[in-house]
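The values are calculated or read from the model by the stated rules, or taken from the named source; none is laboratory data. Computed from a predicted model, the values in this text were never measured in an experiment. A quick note on method: Cβ atoms are made from the backbone with ideal geometry, for glycine too, and the neighbour counts reach across all protein chains shown.
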Amino acid sequence: MSDNTNIIIRPADPEDIGQIYSIELECNQSPWTYAGLAAELANPNSMFLTMEQPQNGKIIGFACIASILEEIQINNIAIHPDYQGRGLGPMLINHALAKAAAEGASHAYLEVRESNIPAIKAYEKCGFTSYGVRKRYYRDGENAVLMSATLFTPRI
Ligand SMILES: CC(C)(COP(=O)(O)OP(=O)(O)OC[C@H]1O[C@@H](n2cnc3c(N)ncnc32)[C@H](O)[C@@H]1OP(=O)(O)O)[C@@H](O)C(=O)NCCC(=O)NCCS
């Protein structure tokens, strides 16, 4: 298992979009467009985080989370294929959940393809549980698993 301790998680910058788009194309069966990612970055209701290697500034993952009052929705997350399977996805998700909770969010939601076992496992490690299935949710007819998590506001 590689060492994750020096990995940097920070808000995405416009100049990161090129690297983020490359990861998106490699990871996502129905990738967002470059313009879609750029629009998300400019959206004031979106938390757009990147994961960066400190040695060379390389972006190795990202997450897009929408805030709607006290709820957040994980709309997109991907870890570069060379870095998957070492706990970075859960690390990024937990960081986003803690940040959202500190800002007052109480619940998190997401949809995931029924066949995407790595993602479902990663979400379960972060406290998400399934509360239903949306039949034929995706364009190719695949079902979506609906998952949610309760966030605990840190006490000061
Ligand atoms: C989903 C995703 C963000 C999870 O991130 P991650 O850093 O790989 O998460 P984890 O390291 O906790 O791995 C989760 C599970 O994936 C599997 N896995 C992923 N990559 C693996 C690899 N290279 N080797 C072995 N197992 C791997 C393992 O089964 C692991 O579960 P386990 O720890 O119980 O064995 C990442 O796999 C990804 O970017 N996938 C493509 C994009 C995607 O599907 N996004 C989610 C859309 S809803």
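Observations on the model:
- Unique match (being surrounded by fewer than 12 Cβ atoms within 10 Å (Cβ to Cβ) and over 27 Å from residue 140 (Cβ atoms)) among 52, 71, 15: 15
- Candidates in the stretch 106-154 are the residues that are in a strand (DSSP E or B) and β-branched (Val, Ile, Thr); of these, the one that is farthest from the ligand (Cβ to nearest atom) is 150.
- Out of 83, 137, 123, 109, sole residue that is farther than 24 Å from residue 46 by Cα and in contact (Cβ under 8 Å) with a residue 12 or more places away in the chain: 83
- Single unsatisfied condition, residue 67 versus (1) modelled with pLDDT under 95; (2) under 15 Å from the mean Cα position of the chain (by Cα); (3) within 16 Å of the ligand (Cβ to nearest atom); (4) of a type outside the set (Lys, Arg): (3)
- The lone criterion from (1) surrounded by 15 or more Cβ atoms within 10 Å (Cβ to Cβ); (2) without any contact (Cβ under 8 Å) to a residue 60 or more places away in the chain; (3) within 9 Å of the ligand (Cβ to nearest atom) left unmet by residue 92 is number (2).
- Where a residue in the stretch 40-67 is in a helix (DSSP H, G or I) and its partner, wherever it lies, is among the β-branched types (Val, Ile, Thr), with Cβ under 8 Å and at least six apart: 41/17
- Taking first residues from the stretch 1-30 that are farther than 13 Å from residue 63 by Cβ and within 16 Å of the ligand (Cβ to nearest atom) and partners that are acidic (Asp, Glu) and modelled with pLDDT of 95 or more, the Cβ contacts under 6 Å between residues at least 6 apart in sequence or on separate chains come to 8/52.
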